[in-house]
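Q: The structure that follows is given in the form of structure tokens.
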Amino acid sequence: MAVAARDGKAAAVRAPAAGGALTRLGRLIREVARRPAGLFGLIVICLLLVVVVAAPLVAPYSPYAQDIVHRLQGPSLHHLFGTDELGRDLLSRVIFGARIALGVAIPAVLIAMFVGLLTGLISGYLGGGTDQVAIVGMDAIQAFPAVILALALLAVLGPSLRNVVIVIGVALAPGYARVVRAMTRAAKQNQYVEAELSLGASTTRIAVHHLLPNIAAPLFILIAMDIPSAIAIEAGLAFLGLGVPPPSPSWGALLADGFSYVLISPWAIIAASAALMLTTLGFAMLGETLRDVLDPKLSGTRRRRKKR
Amino acid sequence: MLDYALRRLVMTFFVVVLIMTFLALLIQLVPGDPVRLVLGAKAPEELVQSVRHDMYLDKPVPAQVYYFFANALHGDLGVDFQSQRSVTSLIWTALPHTAILALASLALAGLLGVPLGVYAATHPGGWLDRVTAVATISLITMPAYVAGLLLLLVFSVHWSIMPATGTGNLSNPADYLKHLALPAIALAVTWIGYLARLVRTSMLEVLNERYIMAARSQGIRDRLVVYKYALRNAVIPTIAVVGVGLGTLLGGAIFVEVIFARAGLGMLIYNSIQTRNFPIVRGGVLVVALLFVAVNLLTDFVYHMVDPRIRVVS
């Protein structure tokens, strides 16, 4: 009876494969949106996505259009955030800066995830000497503060959009490798994995069918948490003049411009800081809520605590 | 414990070897001729040759790695391209300023973050707990350069009550502290939030333990229970993150030092990246990485010594 019921449920879940995944995603989003922090994160990220996609429509000016006569102005009806040292509209530059922030952060985090996933699965699954070598490699990368490693690499490679993405990806990869490695080692101990091994299942089959579903949730959380770090590193590199090269309006570049003219006008710093803080806060809040929702162990303790 | 320490030391040795090999090979990644890049296309050929010789760039790659290791073991990290001063001495003059900055902000984070976390944990669900929850996450996600620029804007430019730039002189402690204040706060911001949240979580866990209940049932004053019995165990997890924290501090220090023009290690690395002074970049980055590795090793050992539970598990 119990077996039949479970089979029925499994079939129901499997039958509309795409629909099933979508409903699950819908349920997850609703669950996240029910919490204030999650709702805040979702709103910020949706706004950001709209701005990124529709930047040319939303922005009142071109981010590159110079108007030297009206340089370094404060906020006005013509320029809501004011203008920079070349008379470029700061609001438009902040809006187009969102494209750079996400355009660097998302590919960088994806690179980190794929590299980390591969390394973590291999080292966690094989163990032994391979594992030791992988651990030393991860430790060596993490022995550098992420920003310093990125700086050192960009100092020799030269700054470009592609190099910035790669360098941030490399710096973040060990975080994923560690999580995947630990989860793989834990999942390997499960009896159902042992059972399938004894039935002669291939390593790939076990990795795809048993290990990946187990590590999907923690990876999801880590991605949400790493996107703000990647945005912060990208802007930091641009602030030091080693990010995506000018005249592209990276938020870090806006900060650097504002820093050069800090005695004359504070508006570039204020505008870019606000954009950076709002974005990183939004992603961090989403990440935290995701962790609460997806990790039943953690959310359980939290609920218990709330009652008292 | 000894077994653990030994294993950890061997791993660290390999990590250091890997780091140094990477840094020795880094210059190979420069597109084109690194020496020409610095000296310019018009530099006389003899000068280029002599600089190339000084950096062992005329030797085969394995020999370059060997010389980097051999010289580093003698404390020789090469010479500055431009001034011909030794990189080690440049680093030695900059390092104290960065160390003081890092320690000051770590202390600041502890002094503000721990009480904030204790307060939030002892009043769970209250409005101040909620406010601190939002405040801590905002602090955690604020990059050091944003904090630094905003502090500069408010205190140095708008109100001009704090010096905007410079390091001050160590022989004049009051002046030095005045120059240290804003950079240290900017660097501490993330860690105040992080420590507050960490202490809150572990404090809530500890307050659930039976020995706390036992202490309370004996009628010991609440404040005494919290600060004497609970806090002592609740701060242990923070020791583990101090090691990682110092890494972020050293990374953030480069921004803060550039913003406030402090003559520290971060500023040295930044300036030499601007002038493509590769020996200084390499040496500076190596010192940062070694510091980070050493502090991590140290906090790991301390953590294992203060918490008997972990000792048993490992």
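The values are calculated or read from the model by the stated rules, or taken from the named source; none is laboratory data. Because the structure is a prediction, the values reported are computed rather than measured. Using ideal geometry, Cβ is built from the backbone for each residue, glycine included, and neighbour counts are taken over all protein chains shown. Ligands, DNA and RNA are stripped out before the accessible areas are found, and what is left, the full protein with its side chains, is counted by its heavy atoms. Shrake-Rupley method; radii C 1.70, N 1.55, O 1.52, S 1.80 Å.
Q: So how many Lys-Lys pairs in the protein assembly as shown land under 27 Å Cα to Cα, not counting same-chain pairs under 8 apart?
A: 8
Q: If you plug each phi of region A:118-134 into the Karplus form 6.51 cos²θ - 1.76 cosθ + 1.60 with θ = phi - 60°, what whole-Hz ³J(HN,Hα) values come out, in order, with x for Gly and Pro?
A: Values, residue by residue: 5, 4, x, 4, 5, 6, x, 7, 7, x, x, x, 4, 4, 4, 4, 4 Hz.
Q: Still on this model: Net charge within 15 Å of residue A:111 by Cβ-Cβ distance, Lys/Arg positive one each and Asp/Glu negative one each, not counting residue A:111 itself?
A: -1
Q: Residue by residue through B:136-144, how many Cβ atoms from other chains fall within 10 Å of the Cβ on average?
A: 6
Q: Return one number: the angle in degrees, 0 to 90 and rounded to the nearest 10, between the long axis of the Cα atoms of helix B:173-207 and the longest principal axis of the Cα atoms of chain B.
A: 50 degrees
Q: Further question on the same structure: What is the distance, in nm, between label points placed 7 Å from the Cα along the Cα-to-Cβ direction at residue B:28 and at residue A:110?
A: According to this spin-label approximation, the distance is 3.1 nm.
Q: Find the accessible area per residue for chain A; the probe is 1.4 Å, ligands and nucleic acids are left out, and the unit is Å².
A: Result: 48 Å² per residue.
Q: Same structure, new question: Would you please calculate the Kirkwood hydrodynamic radius of the protein assembly as shown over all C-alpha pairs and express it in Å, rounded to one decimal?
A: Radius from the Kirkwood sum: 26.7 Å.
Q: Would you mind working out the magnitude of the charge dipole of chain B relative to its Cα centre, with +1 at each Lys and Arg C-beta and -1 at each Asp and Glu C-beta, to the nearest 20 Debye?
A: 900 debye
Q: Over region B:2-73, with the other protein chains present, what is the accessible area per residue in square angstrom, probe 1.4 angstrom?
A: In whole numbers, region B:2-73 has 59 Å² accessible per residue.
Q: Kirkwood hydrodynamic radius (Cα pairs, Å) of region B:94-274?
A: 17.6 Å
Q: Let me check something: with ligands and nucleic acids excluded, how do B:229, B:4 order by accessible area (1.4 Å probe), largest to smallest?
A: Solvent-accessible surface, decreasing: B:229, B:4.
Q: Okay, moving on. Within 10 Å of each Cβ in B:199-208, how many Cβ atoms from other chains are there, averaged over the peptide?
A: Rounded to a whole number, the mean comes out at 1.
Q: If you take each beta carbon of peptide B:146-154 and count the beta carbons of other chains within 10 angstrom, what is the mean?
A: 5
Q: Okay, next question. So, how do all the Cα-to-Cα distances of region B:2-73 break down into 10 Å bins, in percent, from 0 on up?
A: 17, 38, 24, 12, 7, 2
Q: Determine the share of chain A's accessible area contributed by carbon and sulfur atoms, expressed in whole percent, with a 1.4 angstrom probe.
A: 69 percent
Q: At what distance in angstrom do the alpha carbon centres of region A:112-135 and region A:179-200 lie from each other?
A: 15 Å
Q: Once both axes come from the Cα atoms, what is the angle between helix B:236-259 and the longest principal axis of chain B, in degrees from 0 to 90, rounded to 10?
A: That helix lies at roughly 50 degrees to the long axis.
Q: Please report the relative contact order for region B:94-274, taking Cα pairs under 8 Å with a sequence separation of at least 6, and give it as a percent rounded to a whole number.
A: 35 percent
Q: Where the accessible area of chain B is counted over protein heavy atoms with a 1.4 Å probe, how much of it, in %, is carbon and sulfur?
A: Carbon plus sulfur share of accessible area: 67 percent.
Q: Here is a further query. What is the packing order of peptides B:51-64, A:132-145, taking the mean over residues of other C-beta atoms within 10 Å and listing the highest first?
A: Highest-to-lowest ranking by the protection proxy: A:132-145, B:51-64.
Q: With a 1.4 Å probe and all protein chains left in place, how much accessible area per residue does region B:166-314 have, in Å²?
A: 44 Å²
Q: Can you check what the net charge comes to around residue A:120, using other residues whose Cβ is under 13 Å from the Cβ of residue A:120 (Lys, Arg +1; Asp, Glu -1)?
A: +3
Q: While we're on this one: Need one number: buried accessible surface between chains B and A, 1.4 Å probe, both sides summed, DNA, RNA and ligands left out, in Å² to 100.
A: Separately minus together, B and A give about 3900 Å² buried.
Q: Further question: With axes computed from alpha carbons, what is the tilt in degrees of helix B:2-25 against the longest principal axis of chain B, rounded to the nearest 10 within 0 to 90?
A: 40 degrees
Q: Sticking with this structure for a sec: Output the residues of region A:254-277 meeting this criterion: accessible area (heavy atoms, 1.4 Å probe) in the chain alone minus accessible area with all protein chains in place is 40 Å² or greater.
A: Buried by the other chains: A:259, A:262, A:269, A:277.
Q: Could you work out the relative contact order of region A:143-253? I mean the mean sequence separation of Cα pairs under 8 Å and 6+ apart, divided by the number of residues, in percent.
A: This gives 34 percent for region A:143-253.
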